[in-house]
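Read through the structure below, which is laid out as structure tokens, and then see the notes.
The values are calculated or read from the model by the stated rules, or taken from the named source; none is laboratory data. Nothing here was measured: the structure is a model prediction, and the numbers come from that model. Neighbour counts run over all protein chains shown; Cβ positions are idealised from the backbone, glycine included. When the accessible area is computed, the model is the full protein with side chains, heavy atoms only, and any ligands, DNA or RNA have been set aside. Shrake-Rupley method; radii C 1.70, N 1.55, O 1.52, S 1.80 Å.
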Amino acid sequence: MKEFYPFEEIESKWQGYWDDQGLFATDVKSADNKYYCLMMFPYPSGTLHVGHGRNYIIGDAVARYKKMRGFRVLTPMGWDAFGLPAENAAIKTGTPPAESTFNNIAIMKSQLRAWGCCYDWDREIASCTPEYYKWTQWLFLKLYERGLAYKKEAAVNWDPVDQTVLANEQVMPDGTAERSGAKVEKKMLSQWFFKITDYAQRLLDDLDQLDGWPERVRSMQENWIGRSEGTRVEFTLVPRTDGQPDADSVIPCFTTRVDTIYGCTYMVLAPEYPGIADLVKGLPQEASVLEFVKEAGHLSAIERTTDGDKNGIFTGRYVTNPYNQEQIPLWIGDYVLVEYGTGAVMAVPAHDTRDWTFARKYDLPIRISIQDPEQSLDLATMDDAYTEDGIVVDSPPFSGMPNREAIPQMGRHAQEHGFGGPVIQYRLRDWLISRQRYWGAPIPMIYCEKCGMVPVPESDLPVLLPEDVEFKPSGESPLKSCASFMNVTCPKCGGPAHRESDTMDTFVDSSWYFFRYLSASDDTQAVDTDLCNQWLPVDQYIGGIEHAILHLMYARFFTKAMYDLGLINFTEPFANLFTQGMITKRSEKDGQLYKMSKSKGNVVSPEELIKSYGADTVRLYTLFIGPPEKEAEWNDAGVEGAYRFLRRLWRRIEQTHSLLLGSKELKPVVDEMETPERNLYRKLHESIQRITRDLDGDFHFNTAIAQIMELMNAVDDLGVTESSSPQARAVYRETMETLVLLISPFAPHIAEELWQELGHAPSILNAPWPTVNEAALHRDEIEMVLQVNGKVRGRILVGATTDAVGLEQEALANKQVQKWIEGKTVRKVIVVPGRLVNIAVS
């Protein structure tokens, strides 16, 4: 055995061995004792830094641990390979997106291998390959057949930098684009949507099934779905004075406070409300209204809805309140969003703060319809809206009722009279999937002047991305100017037609990839139903909290839709979800903590660290840095500490190599042990118990590694030599073997090498995980903490079988305790067996 820890040599050796032996290749024909462990597949951006590595190292450690626990582990990997960065690079450099994407995949794949992260590479997928996106297109057609994919003109979020549409979920709270950081604008475009709103209640209800998900993620999804119970009220447009008919004479609104409707003095539409141009056509206000709508489109949602100045414009039109037949003015206001409710708001300034501000600014009427039962409201003295509960007033026939009792009655009144009624509304909006870019899965639809919109026949899939395209950030898909792609024959009538030029949002690709791993090379079907039903839901899904709404919501929607299509027999994709915390590092520019990024100058490359210290050191430090679900600060000095520990482990086995090999036939026998080895043996099995609990629970790798380090300290304290007793040598041998087994999920290369040096055949992955010897845990004496009024004042060793009365007596007799209770009255003694005695005095 070499004296110094040769990490470069052994890591290369064992990475090759794992590949050659196919130790992570899984035969999925049997799902007995299965464990599907999945890391969110990455976008191939080019290179990974140590912050990215946390996700993959955690997943690899889990997979290795589960293998040693006897599970049939499936751990595949692939690439979320479509997306804007590759296309933007093509615009700048001329490098085709496919070329840069596959170059990046090769780089990242080598990085994962260098970390010692192993996968079933026979199941590798890349969403940008025709073999994959053929089936993405097929699933689109299936959703279209069920009415879950549709096209309509809508106000959309427009990214002026990336020149494409964004889903609501891709707009940050400050109104900027998630990827580019540009200020998002509103734009009217004809777009494709998935009808995720049809699944809103199921998505909400089934959150109760997800016991293995973090409560934070479930809460985020619940809030995003945003179920509200309220009333639909249909206001009618007052006919135009010029006699021109309106396309739609009804403007519906949704309200949770129908009890206030007799105080409604005007109505406000969102600037994006459909049909505004027709509403004001030919009116004196037409030009100014349309200019206001245009300007409002440049404001972010956060700018429009936060406290502050509210802007609006009168349309020149009126609507009728169906409850009291009053005609009220119709306004457009920038504080109303089309995404919420119906995009129309019944304005009750006396009882809504935003409406109050708006009404005061534009001198609109304010009328009290809910009276404060404690102190009568008077508009002359009010300086803001009254938003609390109270008594309904001036609202016949509901006057005098407590407002909460009035709400259901007023809802029934609307229903009985045909102008609305009780409804359930959701904040969730349909998923906008159209993207005006090239590097995505083409939407498989054809447009024919004679036949209209025609789906591409399944036999013609995939609709391939052409290579002869010109990349320009024009706001239109580059596919539109590619005649060889656009011009086709209508599959229905045989006449001239053209293709859809938009591509699908990349989140469509990632909404079903976890099914495809089971049959990655099957060119006859999107998913293998039998295999999926055996292996899914995924047992453990691992990824970032940033995907709590976007990817995870879409994946849940796809799973439910695929269930309805009869493709699978389950309705949730991921049984357990683990969201790792972000690794941060101080910026070299300003010394502040940030997420790792090139712009902040705080990226740590794994290559240099692996070259200097080895992959196991990087893995060990990454897992030891802190609780894996929490944010952690990267510290280069900590890497040195992890390296020293592995080097110390190597040297201990190297220096006692002959002793260890010579003790192979010795077996620990508790009754024959002296106290020193008995204590180490107990420590060993306590460590097994705690580490196993850490790994079976919330993946507390940091505390598991701390236990290993403590166990190593206990080994050093024993000081076993060739001349030590047989039991001391037997305990030492078992402890060192177990140490190697326990550290193997975290530092697999050194563990493989040391396992072989200890006389075992490779691989350590085939060795069973250590189990606890209950007899080893037995203690004749235990340490008890002594407290006085809750503060620690001492510790004592007592017999393990001492009862509560005996523990109380021992505690009161303790000299350290007596100093703190002298001259005081003992009011109560609390005994917690096996832990502490607390004495309450006064």
**Q.** Filter result for ALA81 (among the small types (Gly, Ala, Ser) and more than 28 Å from VAL161 (Cβ to Cβ))
**A.** no
Q) For segment 803-832, what are the residues that are under 20 Å from ARG779 (Cβ atoms) and either in contact with a helix residue (DSSP H, G or I) (Cβ under 7 Å, 6 or more places away or on another chain) or of a type in the set (Phe, Trp, Tyr) (or both)? A) ALA811, VAL831
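Residue by residue, here is whether (1) assigned to a loop (DSSP other than H, G, I, E, B); (2) touching a residue at least 40 places away in the same chain (Cβ under 8 Å); (3) closer than 20 Å to PRO322 by Cα holds:
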position: ILE366; (1), (2), (3): yes, yes, yes
position: LEU379; (1), (2), (3): yes, no, no
position: ASP383; (1), (2), (3): yes, no, no
position: ASP389; (1), (2), (3): yes, no, no
position: SER395; (1), (2), (3): yes, yes, yes
position: SER399; (1), (2), (3): yes, no, yes
position: ARG412; (1), (2), (3): no, no, yes
Q. Can you tell which of ARG240, ARG216 is of a type outside the set (Val, Ile, Thr), open to solvent by 50 Å² or more (accessible area, probe 1.4 Å) and either assigned to a loop (DSSP other than H, G, I, E, B) or not assigned by TED's automatic domain parsing to the domain that holds HIS547 (or both)?
A. ARG216
Q: Identify the single condition in (1) surrounded by 21 or more Cβ atoms within 10 Å (Cβ to Cβ); (2) under 22 Å from THR75 (Cβ atoms); (3) modelled with pLDDT of 95 or more that GLN580 does not satisfy, given that it satisfies every other one.
A: (3)
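Would you check if ARG651 is open to solvent by 60 Å² or more (accessible area, probe 1.4 Å) and either free of Cβ contacts under 8 Å to residues at least 40 places away in the same chain or not assigned by TED's automatic domain parsing to the domain that holds ILE743 (or both)? Give the derivation first.
On the way: open to solvent by 60 Å² or more (accessible area, probe 1.4 Å): yes; either free of Cβ contacts under 8 Å to residues at least 40 places away in the same chain or not assigned by TED's automatic domain parsing to the domain that holds ILE743 (or both): no.
No; evaluated as a whole, the condition is false for this residue.
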(Q) Looking for something among the acidic types (Asp, Glu), touching a helix residue (DSSP H, G or I) at 6+ places or on another chain (Cβ under 8 Å) and crowded, with 19+ Cβ neighbours inside 10 Å - is there at least one such residue anywhere in segment 273-296? (A) no
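Here is a yes/no grid of residues against (1) closer than 28 Å to GLY53 by Cα; (2) assigned to a helix (DSSP H, G or I); (3) open to solvent by less than 10 Å² (accessible area, probe 1.4 Å):
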| site | (1), (2), (3) |
| --- | --- |
| TYR133 | yes, yes, yes |
| PHE140 | no, yes, yes |
| TYR144 | no, yes, no |
| GLU153 | no, no, no |
| PHE193 | no, no, no |
Q. Of the residues that sit in segment 32-64 and are in contact with a Phe, Trp or Tyr (Cβ under 7 Å, 6 or more places away or on another chain) and of a type in the set (Phe, Trp, Tyr), which one is nearest to LEU623 (Cα to Cα)?
A. TYR56
(Q) For a quick check of your reading of the model, give me the residue pairs whose first member lies in segment 85-110 and is touching a residue at least 24 places away in the same chain (Cβ under 8 Å) and outside the structural domain of ARG179 (by TED's automatic domain parsing), whose second is crowded, with 20+ Cβ neighbours inside 10 Å and of a type in the set (D, E, K, R), with beta-carbon atoms closer than 9 Å and at least 6 apart or on different chains. (A) GLU87/ASP162; GLU87/ARG437; ASN88/ASP162; PRO97/GLU87
Q: Filter segment 302-338 down to residues that are among the aliphatic types (A, V, I, L, M) and within 35 Å of the chain's Cα centre (by Cα) and give me whichever is surrounded by the most Cβ atoms within 10 Å (Cβ to Cβ).
A: VAL336
Q: State whether the residues of segment 768-790 include one that is of a type in the set (S, T, N, Q) and over 43 Å from the mean Cα position of the chain (by Cα).
A: yes
Q. What are the residues in segment 699-749 that are touching a helix residue (DSSP H, G or I) at 6+ places or on another chain (Cβ under 8 Å) and hydroxyl-bearing (Ser, Thr, Tyr), if any?
A. THR703, THR721, SER724, SER725, TYR732, THR735, THR738, SER744
(Q) List the residue pairs whose Cβ atoms are under 9 Å apart, where the first residue sits in segment 704-716 and is touching a residue at least 12 places away in the same chain (Cβ under 8 Å) and within 12 Å of ARG648 (Cβ to Cβ), the second is surrounded by 15 or more Cβ atoms within 10 Å (Cβ to Cβ) and among the hydroxyl-bearing types (Ser, Thr, Tyr), and the two are 6 or more positions apart or on different chains. (A) ILE708/SER687; VAL715/TYR732; VAL715/THR735
Q: Name every residue in segment 160-181 that is touching a Pro at 6+ places or on another chain (Cβ under 9 Å) and open to solvent by 10 Å² or more (accessible area, probe 1.4 Å), in order of residue number.
A: VAL161, GLN163, ARG179, SER180
(Q) With without any contact (Cβ under 8 Å) to a residue 60 or more places away in the chain, touching a Lys or Arg at 6+ places or on another chain (Cβ under 9 Å) and on the phi > 0 side of the Ramachandran plot as the only criterion, which of GLY116, GLY147 stands out? (A) GLY147
Q: Please go through segment 448-471 and pick out each residue that is surrounded by 12 or more Cβ atoms within 10 Å (Cβ to Cβ) and farther than 23 Å from TRP138 by Cα.
A: LYS450, VAL469, PHE471
Q) Within segment 500-518, how many residues are touching an Asp or Glu at 6+ places or on another chain (Cβ under 8 Å) and under 21 Å from PRO455 (Cα atoms)? A) 3
(Q) List the helices (runs of 4 or more DSSP H) inside segment 436-523, counting only whole elements, that have at least 1 residues being of a type in the set (Asp, Glu), closer than 16 Å to PHE82 by Cβ and at pLDDT 95 or above. (A) 506-509
Q: Starting from segment 759-773, keep only residues that are farther than 14 Å from ILE743 by Cα, then list their pairs with residues that are open to solvent by 80 Å² or more (accessible area, probe 1.4 Å) and in a loop (DSSP other than H, G, I, E, B) whose Cβ atoms are within a distance under 8 Å, requiring at least 6 positions of separation or different chains.
A: GLY759/LYS664
Q) Does segment 680-700 hold any residues that are of a type in the set (Asp, Glu) and open to solvent by less than 10 Å² (accessible area, probe 1.4 Å), and which are they? A) none
